[in-house]
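The structure under discussion appears below in the form of structure tokens.
Quick note: the coordinates plus some simple rules give every number you see, no bench work behind them. Keep in mind it's a predicted model, so treat the numbers as computed, not measured. Here the Cβ is made from the backbone with ideal geometry for all residues, glycine too, and neighbour counts use every protein chain on show.
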Amino acid sequence: MSMANKDQEEMWNGVGGKAWVRAQTLLDTAFQPFADILVKAVTAASATSVLDIGCGTGATTLAMAEALGPDADCLGLDISETMITHARKRAAETGSTAEFIIADAQTHPFEAGRFDVITSRFGVMFFEDPVAAFRNLNRAAQPGTNLIMLSWRGPAENPFMTTAETAARPLLPGLPEREPNARGQFGFADSTRVDSMLTEAGWSDGASEKIDVPCRFPLSTLDLYVSLMGPVGYAMAQGVDAETRTKVSDAVRGALMDFVEGDEIVFTAACWKTTARAV
């Protein structure tokens, strides 16, 4: 297996992947609206062979497989063995026909022309070379294949996603700053740049639509979210003393109270829905 994204491979097979497995139920709940968007898209396209890029623990791939029925070919791909192992377990437990592979979409030798729809929920912003990755995916697509990918707009439009690090930074001064266009959560925030990359990679009709998606998860799981997710969760997993951990948790939890509605955390995810067509 060829991996171009060595740093991403290390992170998602280490702290990052383990965190997503532990928080799977929380994340599936929070991001259910995005699974619904992609299920609706593949159903409308009458897809028969779907590739789901950066599938993580498998929620969207499993949902698409269920919607399309047992005759459909639904393949989830992720660089993380940790998360793919969990996704395969979920498929076995539910009797799903979805399949999962550990691979890097940028370099994996896909069968040419296999897929008639390619999707991604927050899985495309981590490529070492996005143009090379999209070119490789184009080879895997049938002529006319729809590419449908969801990615985040900028941090300024997604305050929930940056509140934790803002609150924790005085206590964790080593937290990295967000860099425009850097690989990671907000790496595809510039839609003009993304559309240009798709064109360079051989896709046609690239277009990005703003979508603002209401998301929610139980307030009772907030401490789990704080301890595992984002730059703060990653920093905590690297090892901080007990006193600092308590101070960080208290500071972040207090800052996130602005997003509490009843017994839930509620936030709006400001994202792009980007589409393109293989030629």
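Taken over segment 91-109, residues that are of a type in the set (G, A, S) and either in a helix (DSSP H, G or I) or closer than 20 Å to M125 by Cα (or both) amount to 4. One residue stands out in segment 30-46 among those that are surrounded by fewer than 24 Cβ atoms within 10 Å (Cβ to Cβ), in contact with an Asp or Glu (Cβ under 9 Å, 6 or more places away or on another chain) and not polar (S, T, N, Q): the one that is nearest to S151 (Cα to Cα), namely A35. Quick check: is even one residue across segment 73-90 without any contact (Cβ under 8 Å) to a residue 40 or more places away in the chain and part of a loop (DSSP other than H, G, I, E, B)? The answer is no; no qualifying residue exists.
Among the residues of this structure, D36 counts as one that is acidic (D, E) and over 17 Å from A91 (Cβ atoms). In segment 243-279, which residue that is among the small types (G, A, S) and closer than 30 Å to M197 by Cβ is farthest from the chain's Cα centre (by Cα)? Going through the qualifying residues, I end up with A278.
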